[in-house]
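What follows is a short report on a single structure.
Read-outs throughout are calculated quantities, based only on the coordinates presented, and are distinct from any laboratory measurement. Everything numeric here is computed off the predicted structure, so don't read it as measured data. All Cβ positions, even for glycine, are placed from backbone atoms using ideal geometry, and neighbour counts span all protein chains on display.
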Amino acid sequence: MTEKLSKRNWFLITLFCFMGGIAWNTENMYFNTFLYNSVYGDASQAAMAGAMAPTTAVSRMVALSAVAAVLTTFIMGNLSDKLKNRRLFISVGYMLWGVVTAMFGFISKEATAKLLHLSGEAAILTATVWVVILMDIVMTFMGSTSNDAAFQAWVTDITHPKQRALVETLLSVVGTVSAVAVTGVGTFAQAGKLSYRAFFAGLGIVVTICGLAGLFLLKDPPRTVPKNETKTDYLSSLVYGFRPSVIKNNPRLYLALSALGLSIVSFQVFFPYLLVYLQYVVIPDNGGAQNLLRPGVIVTAVIVIALIIVSVVLMLKYSGEHKALFLAPSAVLVTAGLFLLSTSSGIYVILIGVLPVVIGNAIINILLGAAIKDFIPAGKAGMFQGIRMIFVVLIPMVVGPVLGDLACRNAAATYPNEFGVETIVPAKDMFLVAAVVCALVLIPMFFLLKKGVDTAPEQTEAESA
């Protein structure tokens, strides 16, 4: 490992982060709208009465996907360590990830009824919802194998601690760009101007092509083993990060993971329901989509976007080597923004509230993401990807959506579908719950800052396997 990344590796990090973001954002953002608009969209009152509520279906899908992601990352991350071949895991995983994404467009109530020989409306709706959930789990297996387990470990392998804040910034920016790209195309699917089949197929194909290219472009770096390292069997390596001695010898790693995990729990309280909230609450409450294209709204949105970009760039410029000065204020910033979002569904309140939420989240994710890579014991990047996933995926995606579902169901906001059936939709109350959770981030962050977050760990912190 050198202190300077090659142009080739910068390009590959950008490419695979962008394509991975395409697949993850398709799953995290549009499988939920697919459930609302395609699976539940034309359901009758009898079918709705006999099936789970849409918000509950989203909550269960996200939670089960999180469990699959963590189990997969533990198994495949450690396997990629043992086989010392990240390239194959990344490339083949991306190819299959794209294929499964494309298959989502072929799911329908009609196909499910025919395949399972069902006739009752409620039974067909329930079965179709579970088909979507199960397919989401399969997609998660592919994505976690290639991205969470192998790609993240590969990035850790090829980067030096001095580069990681910059690399995390790139990953965050590229991830945001991929989310914007998916949203740009997905808006047409959500509005019914593009079929979900074409939407999922198109995005799945580009992810598959990226995986195929990886077979020829990616290279595994030589990885050195610390002098005090002893060989560990595969089963022992799976539980390595749970050992009390490992936790004791790496306190900053687990504190950083705890702080980041709580931050993501807060985000997951509202994120799975966000696009549905915009479609069925924000747009109607603000006089329809055309009314949102007023010059005042557009100018405000442009100003907010510009302020977000400038603020994040300036903060990261000074925060890379001084994380302690920016972490706690960022958590306070997010909490304040979420509280503001919980007060109104008015477009101007939303645009103003989004500003601190996006800026604060970007800083927290980038700085803690870099710190976590710094604090992972040398030579054990694959072993700790599963531990990382418990904190940043399993706990947030199980706890967050459940809290969001409870907030939405308690608010009892509904909309009538095309058949006049009242369907529960997300409510602004979910942002208040998210704000409370975000405030809790300050607890592990306080102890992390006391131990020091700006200095890299000594190699002696790592316990021999």
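A few comments on the model shown:
- Taking Cys438, Cys210 and counting other C-beta atoms within 10 Å, the order from fewest to most: Cys210, Cys438
- In this structure, the residue pairs whose Cα-Cα separation is over 26 Å, taken from Lys193/Lys428; Lys162/Lys450; Lys82/Lys450; Lys7/Lys373, are Lys193/Lys428; Lys82/Lys450.
- In this structure, the amide hydrogen of Thr423, modeled 1.01 Å from its nitrogen in the peptide plane, lies closer than 5 angstrom to those of Tyr415, Asn417, counting only residues at least 5 positions away or on a different chain.
- Both radii come from the Cα set of region 120-170: Rg as radius of gyration, Rh as Kirkwood radius; their ratio Rg/Rh reads 1.37.
- Whole-Hz ³J(HN,Hα) from phi, Karplus 6.51 cos²θ - 1.76 cosθ + 1.60, for region 340-345, glycine and proline x: 5, 4, 6, 8, 6, 9
- Model label sites at Leu278 and Met52, defined 7 Å from Cα along the beta-carbon direction, differ in position by 2.5 nm.
- Per residue, the chain reaches -22500 deg cm²/dmol at 222 nm when only DSSP H runs of four or more residues are counted, each adding -39500 (n - 2.57).
- Karplus-based coupling profile of region 427-444, in residue order and whole Hz: 10, 5, 4, 4, 6, 5, 4, 4, 5, 4, 5, 4, 4, 5, 4, 5, 5, x, with θ = phi - 60° in 6.51 cos²θ - 1.76 cosθ + 1.60 and x standing for Gly or Pro.
- Kirkwood's formula applied to the C-alpha pairs of the chain gives a hydrodynamic radius of 22.9 angstrom.
- Segment Leu293-His160, extension gain: residue separation times 0.36 nm, minus the distance between their alpha carbons: 43.3 nm
- 3J(HN,Hα) couplings calculated from phi for region 209-220 with the Karplus curve 6.51 cos²θ - 1.76 cosθ + 1.60 (θ = phi - 60°) are, in sequence order, 4, 4, x, 4, 5, x, 4, 9, 9, 6, 9, 7 Hz; Gly and Pro show x.
- Each of Ala122 and Leu351 was given a label point 7 Å from its Cα along the Cα-to-Cβ line. The distance between the two points is 4.6 nm.
- The H on the amide N of Ala378, modeled in the peptide plane, is under 5 Å from the matching H of no residue at least 5 residues off or on a different chain.
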